[in-house]
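So the structure is just underneath, and the comments pick up after that.
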Amino acid sequence: MRRVFLAVLALAAVESLALSLRSGVGSLGALLPTLRDDLHLTATAVGVLATLPTLFFALVGLGAGRVISRYGPHKVTILLLATIATGLVARALTGSSLVFVLATGLAMVGVAVGNVVLPALAKLHFPRRIVVVSALYGVAINLGATIAAVTAVPIGDVFGGWRGGLGVWAALPLLSLALWIPCALIGRSSATARAGGRRLSIADAARTRLGWVMALCFGAQASQAYVQFGWWSALIVDAGGDTAHAGALLGVISGLSIPISLTLPLLIRGTRGSLLLPIAFASLTSAGWIGVMSAPLMLDGWVWAALLGAGSGAFSWTLVMIGVRSRTPEGAGQLSAFVQGGGYLMASAATFVTGLLYAATDSWAASLIPVLVLAALIGVAGSLLGRLPPFEDGLPATASTTPSEGT
């Protein structure tokens, strides 16, 4: 009975953490026009707010592995949740544009560390259910962003303005904090088996072919999402649509990722763990972009949005692979830090270059060519993962270690 209780508690804690990681981003995007006027945000401040998530996910993510290794995933998780909640509350209460930007940055620091620690926590508590649990927290991440984006404005109306629409999402990290505190007290110690008895670091991930290939795969798929977040509305409006229709299409892209992620364990089992899935995701994404580049509003753009949405299942697949291609929780944490830190840096560059090319060519078809190349890279890099040894096995003079059973 105690074993079942711990498993349920750990699963609820993992899922609540995942839900907390994008709600602050999704709600901000929905309410940005309103709070921009209320706080008199300059164009520079708006630009900073738009780039903070991927920038922090990259830079903070690269350093998160060392923090997790030193203090353990449970202590780090409790601290990051408190950081997210503090940042979300502070930005909802302030009347200063500077404090708003700083508070958002504080929340994004916590989110960036949360991105990295999630695979380590899943590996620690569910080493034998890593595919299912990873797919579920991938769903929760997308669900948190989607629900926050859709409901932030109505919630703000109920609570009298954008402050309520932003501040209410602090409840999620606080709820998750209430679940992780008992997990830290009665759950497993973070001092799990290390590869060959050595302490792993992000530098170890950088010394493996698996780390680089996986970072390329993660960065290629993250680039698709953040180019869509950053430029989709402008693209559709320039093609003759309106912002409402652009938002509906973006909702299809985001929404379809949820059922794809839910069926991911079955898809992986059905293909017997083969790497046909990343090739399928790459093909769907490429087909969607080719359609957008040639005739963005053909059939009102619904077909292209559906293709891009189906291809976005690559996000959850890459998260699953971080857990599958590592043997220990510490290995999953360090691999996650390198893969997500480097991947989000790649996504930031792709989003910036897309805008730069559009400014230079005044053509979305031309500016999306690099994004199309990156879509193909998902399949190329993803298909290589199965040919490479697990992270710990790929380290020089390091014996592999099999993790003990989790809660």
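The values are calculated or read from the model by the stated rules, or taken from the named source; none is laboratory data. On a predicted model such as this, the values are computed, not experimentally measured, just so you know. The area values use the complete protein model at the heavy-atom level, side chains included, leaving out ligands, DNA and RNA. Shrake-Rupley method; radii C 1.70, N 1.55, O 1.52, S 1.80 Å.
Cα centroids of region 285-315 and region 133-174: how far apart, whole angstrom? Each part's Cα centre sits 26 Å from the other's. For region 114-122, backbone phi angles converted through the Karplus equation (6.51, -1.76, 1.60; θ = phi - 60°) give residue-by-residue couplings of x, 3, 6, 6, 4, x, 5, 5, 5 Hz, Gly and Pro being listed as x. Three principal axis extents of region 270-366 based on alpha-carbon atoms, in descending order, are 48, 34, 16 Å. Using the rule -39500 (n - 2.57) for each DSSP H run of four or more residues, divided by the residues of the chain, the 222 nm mean residue ellipticity is -26500 deg cm²/dmol. For region 219-228, the Karplus equation 6.51 cos²θ - 1.76 cosθ + 1.60, evaluated at θ = phi - 60°, returns couplings of x, 5, 6, 5, 4, 4, 5, 7, 5, 5 Hz by residue, with Gly and Pro reported as x. To put it simply, the accessible area of the chain at a 1.4 Å probe is 70 percent carbon and sulfur. For the chain, the solvent-accessible area of protein heavy atoms averages 40 Å² per residue (probe radius 1.4 Å; ligands and nucleic acids excluded). Whole-Hz Karplus values for region 326-335 come out as 10, 9, 10, x, 5, x, 4, x, 5, 5 Hz, taken residue by residue from phi with 6.51 cos²θ - 1.76 cosθ + 1.60 and θ = phi - 60°; glycine and proline positions read x. Within the full protein context, the accessible area of VAL60 is estimated at about 40 Å² for a probe radius of 1.4 Å.
Ranking MET293, MET298, MET108 from most to least accessible surface, computed with a 1.4 Å probe over the protein chains only, gives MET298, MET293, MET108. Across the chain, the mean sequence separation of Cα contacts (distance under 8 Å, 6 or more residues apart), normalised by length, yields a relative contact order of 28 percent. Going by accessible surface with a 1.4 Å probe and the largest first, ASP300, ASP362, ASP393 read ASP362, ASP300, ASP393. If ligands, DNA and RNA are left out, what is the accessible area of HIS74 with a 1.4 Å probe, given in Å² to the nearest 10? Spelled out: HIS74, probe radius 1.4 Å, area about 10 Å².
To the nearest 10, the accessible area of PHE315 is 30 Å² with a 1.4 Å probe. Per residue, the convex hull spanned by the Cα atoms of the chain measures out at 130 cubic angstrom.
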